[in-house]
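Laboratory data are not the source of any read-out in this text; all were calculated from the coordinates shown. Note that the structure is a prediction, hence the values are computed from the model and not measured. Backbone-built Cβ (ideal geometry, glycine too); neighbour counts: all protein chains shown.
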2 protein chains.
Amino acid sequence: MEQLSIGQYDLIYNAFSFAFATLAAATLFFWLGRSQVAPQYKTALTITGLVTFIAAYHYFRIFESWSDAYTIVDGAIVATDKPFNDAYRYVDWLLTVPLLLIELILVMNLSRSETVSRATRLGLLAALMVALGYPGEVAETTSGAWLWGSLSMIPFLWIVYELFVGLGKAVESQPADARGLVNLARWVTIGAWTFYPVVYFAALVGADGAMAETVIQVGYTIADIIAKAAFGVLIYMIAVRKTGAASTANAAAAAAK
Amino acid sequence: MEQLSIGQYDLIYNAFSFAFATLAAATLFFWLGRSQVAPQYKTALTITGLVTFIAAYHYFRIFESWSDAYTIVDGAIVATDKPFNDAYRYVDWLLTVPLLLIELILVMNLSRSETVSRATRLGLLAALMVALGYPGEVAETTSGAWLWGSLSMIPFLWIVYELFVGLGKAVESQPADARGLVNLARWVTIGAWTFYPVVYFAALVGADGAMAETVIQVGYTIADIIAKAAFGVLIYMIAVRKTGAASTANAAAAAAK
């Protein structure tokens, strides 16, 4: 790889630290918030916090790996003999990406059978998407990177289809107060997740090695924060609103007796 | 930078350790206190603790970075080849400063739409203020530092206006018991936050490099402790008083039946 400038190195270093702080703080926010939602939404918040917890752990490791991979000699960034471990990201995604889809399904509070079948199908598709992307990330050749990246797009597009067409009816059946937020959560999933292949392919087509590395690392970091922490805040808000809607409905039913 | 004296180095070192201890302890205080306030104030205390949690994390990193950045040779402080990472502060502020304004809005318990619109506007202004300050902090030239610092003052003054004029009516509608504290929290925000530009510009106009560094590091540390931990204690007291006022009102209503 071409040599990173100190500015590029520092930007990536600080982005990793920022991601760790955000994801760790988000984890505690979701778990503390469990006490404020109705029982049927507690599991959704538990998993929302698990996702950010797992990601915070991996950003801690990524930060350490990045620190160890470079050193400053005479004011220039020089690689040490410990290479930066890119696999942490894919290990993280293998765990967190299926869980992200499961938390969206859980907060929708569908029937038990629908929850199980949709969560299983979306979870497996997400794991397949990540597993196909990794050989592309570490491919020696550009054509290999294109091949695996393109294969990974197949489960990705299937997930998009499931979220929009498959879940369309389920979104309509959400309480009015929460419907807009559930819809927004679907869009954030698509928007943030599209960012990953964009970063992946942008790094393939553009720029020199050091700039490509900077785009990949900072781009994935921003996408992780949006897809996990910001998405989690939406899940939390949906759970709180649906809890409020349920207790208003109960109070009205009690008053009508 | 001119050489730091051992006294200056130690003062900064101990200030960072003090800040970590204070912010970590404050975090636990706020989260343990969640069980003592009414449900509508729990999120405010969750976020109050998140702010000090994020800041404690960053002071831990700042402390480590400071330790690594200098060494003692023949009784004198000498910089190592690992530069002190000033960016941690700005990364911290980018997260915590919007959250600080949001915790003040949340503890006021306004209508949902007013909470969302005010929290969004104040949060974005705060993030903009921090983002404009950073290029000034790392500027190579004094004129660059003045330019960015001055630009950062625009959102700052807008926030001050929002807190005083925009929130004026909302403060009047607080329970009598809590109104004084809410008002004080506004003043602490203005007072502590004014400290940051004062430190920033004081370091620009005055003193040699080592003294400027000491003023900046110790000044920002004191401002962080007041703006986050001491301000958080006010938020906690407001939540406790309003919980008391609500239960007194409920008891009176029950007695009148």
Exercise. Hey, what do the phi angles of segment A:238-244 turn into as Karplus ³J(HN,Hα) couplings, whole Hz, using 6.51/-1.76/1.60 and θ = phi - 60°, x for Gly and Pro?
Worked result: 5, 4, 5, 5, 5, 5, x
Seminar exercise, completed: Helix B:112-137: inclination vs chain B longest Cα principal axis, degrees, rounded to 10, gives 10 degrees
Problem set entry | When segment A:54-197 is reduced to its Cα atoms, the Kirkwood hydrodynamic radius in Å | 17.3 Å
Exercise. How would you rank B:His58, A:His58, going from fewest to most other Cβ atoms within 10 Å of each one's own Cβ?
Worked result: A:His58, B:His58
For this session: Determine, for A:Arg112, A:Arg118, A:Arg61, the number of other Cβ atoms within 10 Å of each Cβ, and report the residues in order from fewest to most.
Result: A:Arg112, A:Arg61, A:Arg118
For this session: Enumerate the amide H contacts of A:Tyr70 below 5 Å, restricted to partners 5 or more residues apart or on another chain; note that Pro and chain-start residues carry no placed amide H.
Result: A:Thr80
For this session: Enumerate lysine pairs in chain A that are 8 or more residues apart or on different chains, then count those whose Cα atoms are under 26 Å apart.
Result: 7
For this session: Using just the alpha carbons, could you tell me how many Å³ per residue the convex hull of the protein assembly as shown encloses?
Result: 156 Å³
Exercise. If the label for A:Arg121 sits 7 angstrom from Cα along the Cα-to-Cβ line, what are its distances to the same label in every other copy, in nm to one decimal, shortest first?
Worked result: 4.5
Exercise. In chain A, which residue puts its Cβ closest to the axis that turns chain A onto chain B, and how many whole Å away is it?
Worked result: A:Ser35, 7
For this session: Going by C-beta contacts inside 10 Å, put B:Arg89, B:Arg186 in order with the fewest on the left.
Result: B:Arg186, B:Arg89
Exercise. Can you give the charge dipole size of the protein assembly as shown about its Cα centre, rounded to the nearest 20 debye, using +1 on the beta carbon of Lys and Arg and -1 on the beta carbon of Asp and Glu?
Worked result: 3360 debye
Exercise. Label-to-label distances across copies for A:Val138, with labels 7 Å out along Cα→Cβ, in nm, shortest first?
Worked result: 3.2
Exercise. Placing a label point 7 Å from Cα toward Cβ, how far apart in nm is B:Gly166 from its equivalents in the other copies, listed shortest first to one decimal?
Worked result: 4.2
Exercise. What does the helix-only formula give at 222 nm for chain B: each DSSP H stretch with n ≥ 4 adding -39500 (n - 2.57), the total divided by the residues, and the result rounded to the nearest 500 deg cm²/dmol?
Worked result: -28000 deg cm²/dmol
For this session: Compute the Cα gyration tensor for segment B:1-130, then decide on rounded, prolate or oblate, letting a ≥ b ≥ c be the square roots of its eigenvalues: rounded whenever a/c is under 1.5, prolate when a/b is larger than b/c in the other cases, and oblate in all that remain.
Result: prolate
For this session: Select from B:Ala230, B:Ala87, A:Leu151 the residue farthest towards the positive end of the dipole of the protein assembly as shown; place +1 on Cβ of Lys and Arg, -1 on Cβ of Asp and Glu, and compute about the Cα centre.
Result: B:Ala230
Problem set entry | Surface/4 estimate of mean projected area, convex hull on alpha-carbon atoms of segment B:6-246, nm² | 13.0 nm²
Problem set entry | Once exposed loop GluC sites (Glu not before Pro) are cut out (DSSP; at most 16 other Cβ, 10 Å), longest piece of chain B | B:3-139
Exercise. Charges only on Cβ, +1 for Lys and Arg, -1 for Asp and Glu: so what's the dipole of chain A about the Cα centre, in debye to the nearest 20?
Worked result: 1680 debye
Problem set entry | Residue among B:Gly123, B:Met211, B:His58 farthest towards the positive dipole end of chain B, charges placed on Cβ | B:Gly123
Exercise. If you project the alpha carbons of segment A:57-98 onto their three principal axes, what span does each projection cover, largest first, in Å?
Worked result: 45, 15, 11
